[in-house]
Amino acid sequence: MKPSLKFQSVLYLYALMVIGLSLIVPAQYILEAILLFLFLMVSSGVFFYTLLLVSTRREYPYSPREVPRGFFEPVVYVLIPAHNEESVIEKTAVTVLNQDYFNLRIFLINDNSTDGTLEVMRKIESSNPDRVVVINVPPHRGRSKPHALNYTLEVIEKAFNRPDYIFILDADYLIAPNTIRRLVGIMEGAPNYIIGVQANVRPRNWNRNFVTRFITLERLVGFNVAIEGDLKLSENGKYGGTVALLRFSHLLRLGKFRGDSVTEDTDLWARALIEGYRFWYCHSVVGWEEAVETLRDYIKQRSRWAQGHLQVMLDYYWPVLRSCSGITEAFIEHFYMMSYLVPVFWFLSVLINGYLLLSGGVPLLIARPRLFLAVSVIAFLAFWFSVAYSNWVERSRTGFGVQWWFVLAYPLYFMIFVVAGVVYTLRGLIRLLVGKFHWEKTRRFT
């Protein structure tokens, strides 16, 4: 069944259930059920961030190995998919060419670009014929990142020696010269059930404006608290789709990337977990991205991410939970799959409970709007503390971080991005409902 049809079936069934209950259950009880549900969702967010914050103080589950230099290095193929990336692709390719790693080959993947991307790639290839291969994806095989990657993997299977690892890198990322060597060192010491290692991600234009600073805080709390805490708690890091080293054989065993997924990274993470594989994460290896710089582009990009997350939740929710090692890990992954719905739940909880308190409300048997609203405030404070903590951790480790005045002013602009979160989540739901699964290009600002 197509994802859109599956989602429509679930939605229609839910709507029929709600209509049926409304005919036989008094409105007061329905309101209580909604308030209790929102209370459980919001309070679980407090537990989620508290648990992961505590877990970040644990040790990493691995010790990297020293990788031999030269001919004996494991073979790494670097895959850089690009669609209309003429403004950034050369800088990205140069940072890969400057790696202190001998045994690698770079595949520049032109996914039906209409600008000068292919010409820039050809120029890089002509200057480095032994290290760079340009893959020109046919129109009927591309037009999305997972399709372009799958086409390239098929070419590699047919025309090249199989590598030990592939390194996925988006076209706007810049990496340090020792990035691949350090990630290979981690994977060489990893057990076979580790499919790959995800590096850190930071916006290089973090201080451009209000939006980029907020996105940087998102990245900090996402990696320094959520991903790092999950790795140290249950050895279950995440795959972010870029700056990641994967075992080639394991990726083929999983059937490569899912072509109809708009977030092929989250989809691969879920399928890998179901098959018994895990991802690791390394904080000290960083890929520097170009963050979107306007609220409109932020909502557009996050709409695709929300749609992909919800698609994964719809397709793999129960198999993922059954694949977890225990109740704690199952709770973490449950919350992770529902993470794009959390701002919606929090917003509704504040809105409904606040209205009931201000208006005098209706008599309720179980629900306590004052208590529920207080829990929503506590949830915000817990997240705000997570933001501040992640910024402090980053400054302590690397000296990088957002200005403290911006972190302290978080309550003043938090609601803007909550509303944006509601908008992009609903937009993602609608796109999932109507079956709109095409890849949306992120606008570049350099």
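The values are calculated or read from the model by the stated rules, or taken from the named source; none is laboratory data. In this text, all values refer to a predicted model and were calculated from it rather than measured experimentally. Cβ coordinates were reconstructed from backbone atoms using ideal geometry, including for glycine residues, and neighbour counts include every protein chain displayed. Surface areas here come from the heavy atoms of the whole protein model, side chains and all, with no ligands, DNA or RNA. Shrake-Rupley method; radii C 1.70, N 1.55, O 1.52, S 1.80 Å.
The condition of being open to solvent by 30 Å² or more (accessible area, probe 1.4 Å), touching a residue at least 12 places away in the same chain (Cβ under 8 Å), in a helix (DSSP H, G or I) and under 26 Å from N209 (Cα atoms) holds for F383. A search for C-beta distances below 6 Å between a residue of the stretch 134-146 that is of a type in the set (S, T, Y) and any residue that is surrounded by fewer than 23 Cβ atoms within 10 Å (Cβ to Cβ), counting only pairs 6+ apart in sequence or on different chains, returns S144/W439.
Find the residue count for the stretch 221-261, including only residues that are farther than 21 Å from Y298 by Cβ and either among the charged types (D, E, K, R) or outside any loop (DSSP other than H, G, I, E, B) (or both). Working first, answer last.
Filtering the stretch 221-261 for residues farther than 21 Å from Y298 by Cβ gives 228-237, 239, 244-261.
If we keep only those that are either among the charged types (D, E, K, R) or outside any loop (DSSP other than H, G, I, E, B) (or both) as well, we get 228-235, 244-253, 256, 258, 260.
Summing the residues that are farther than 21 Å from Y298 by Cβ and either among the charged types (D, E, K, R) or outside any loop (DSSP other than H, G, I, E, B) (or both) in the stretch 221-261 gives 21.
Identify all residues within the stretch 74-101 that are part of a loop (DSSP other than H, G, I, E, B), within 30 Å of E235 (Cβ to Cβ) and open to solvent by 10 Å² or more (accessible area, probe 1.4 Å); write none if there are none. Across the stretch 74-101, the qualifying residues are P74, V75, Q99, D100.
Scanning the stretch 237-266 for residues that are surrounded by fewer than 24 Cβ atoms within 10 Å (Cβ to Cβ) and acidic (D, E) gives D260, D265. Against the definition (open to solvent by less than 60 Å² (accessible area, probe 1.4 Å) and in contact with a helix residue (DSSP H, G or I) (Cβ under 9 Å, 6 or more places away or on another chain)), how does T442 come out, yes or no? It is true that T442 is open to solvent by less than 60 Å² (accessible area, probe 1.4 Å) and in contact with a helix residue (DSSP H, G or I) (Cβ under 9 Å, 6 or more places away or on another chain). Considering the conditions (1) modelled with pLDDT under 95; (2) open to solvent by 40 Å² or more (accessible area, probe 1.4 Å); (3) of a type outside the set (G, A, S), E218 is excluded by exactly one of them, (1).
Looking only at the stretch 386-405, which residues are surrounded by 15 or more Cβ atoms within 10 Å (Cβ to Cβ) and either small (G, A, S) or in contact with a His (Cβ under 7 Å, 6 or more places away or on another chain) (or both)? Once the filter is applied, which keeps residues that are surrounded by 15 or more Cβ atoms within 10 Å (Cβ to Cβ) and either small (G, A, S) or in contact with a His (Cβ under 7 Å, 6 or more places away or on another chain) (or both), the stretch 386-405 yields S386, A388, S390, G401. Can you work out which of the residues in the stretch 271-306 that are assigned to a helix (DSSP H, G or I) and aromatic (F, W, Y) is farthest from the chain's Cα centre (by Cα)? Restricting to residues being assigned to a helix (DSSP H, G or I) and aromatic (F, W, Y), the top hit is Y298.
Considering only the stretch 211-220, I want to know if a residue exists there that is free of Cβ contacts under 8 Å to residues at least 12 places away in the same chain and within 17 Å of R302 (Cβ to Cβ). Steps first, please.
The initial filter retains those residues of the stretch 211-220 that are free of Cβ contacts under 8 Å to residues at least 12 places away in the same chain, namely 218.
Remaining after also requiring within 17 Å of R302 (Cβ to Cβ): 218.
Within the stretch 211-220 (the criterion being free of Cβ contacts under 8 Å to residues at least 12 places away in the same chain and within 17 Å of R302 (Cβ to Cβ)), the answer is yes, since at least one residue qualifies.
Whenever a residue of the stretch 391-405 is under 15 Å from V221 (Cβ atoms), its partners that are part of a helix (DSSP H, G or I) and among the polar types (S, T, N, Q), lying with C-beta atoms within less than 6 angstrom and at least six residues away or across chains, give the pairs V393/N224; G401/N391; V402/T216; V402/N391. Scanning the stretch 161-175 for residues that are closer than 20 Å to L254 by Cα and open to solvent by 40 Å² or more (accessible area, probe 1.4 Å) yields N161, R162, D164.
So, in the stretch 307-355, of the ones that are aromatic (F, W, Y) and more than 22 Å from R427 (Cα to Cα), which residue ends up least open to solvent (accessible area, probe 1.4 Å)? Outline the logic, then answer.
To start, the set of residues in the stretch 307-355 that are aromatic (F, W, Y) comprises 316-318, 331, 335-336, 340, 345-347, 355.
Now restrict to residues that are more than 22 Å from R427 (Cα to Cα): 318, 331, 355.
Details: W318: 160, F331: 43, Y355: 153 Å².
Across the stretch 307-355, the extreme among qualifying residues is F331.
Can you tell which of L5, L35, L11, L23 is closer than 22 Å to F383 by Cβ, assigned to a helix (DSSP H, G or I) and modelled with pLDDT under 95? After ruling out the rest, the residue left standing is L35.
Among the conditions (1) farther than 20 Å from L314 by Cα; (2) not in a helix (DSSP H, G or I), S339 misses just one, which is (1). Among the residues of the stretch 406-427, is any open to solvent by less than 20 Å² (accessible area, probe 1.4 Å), at pLDDT below 90 and not polar (S, T, N, Q)? No, the stretch 406-427 contains no residue that is open to solvent by less than 20 Å² (accessible area, probe 1.4 Å), at pLDDT below 90 and not polar (S, T, N, Q).
Against the test of being polar (S, T, N, Q), over 13 Å from the mean Cα position of the chain (by Cα), over 29 Å from D164 (Cβ atoms) and open to solvent by 10 Å² or more (accessible area, probe 1.4 Å), the options N192, N224, N207 yield a single qualifying residue, N207.
Pairs meeting the criteria (first residue in the stretch 412-429 and in a helix (DSSP H, G or I), second residue β-branched (V, I, T), beta carbons under 7 Å, at least 6 apart or on different chains) are A420/I299; V422/V344; V423/I299; Y424/I299; T425/V344. Checking the condition farther than 21 Å from I109 by Cβ and outside any loop (DSSP other than H, G, I, E, B), which residue from E157, E218 passes? The conditions single out E218.
Scanning the stretch 117-133 turns up at least one residue that is among the β-branched types (V, I, T), buried (at least 16 other Cβ atoms within 10 Å of the Cβ) and touching a Lys or Arg at 6+ places or on another chain (Cβ under 7 Å).
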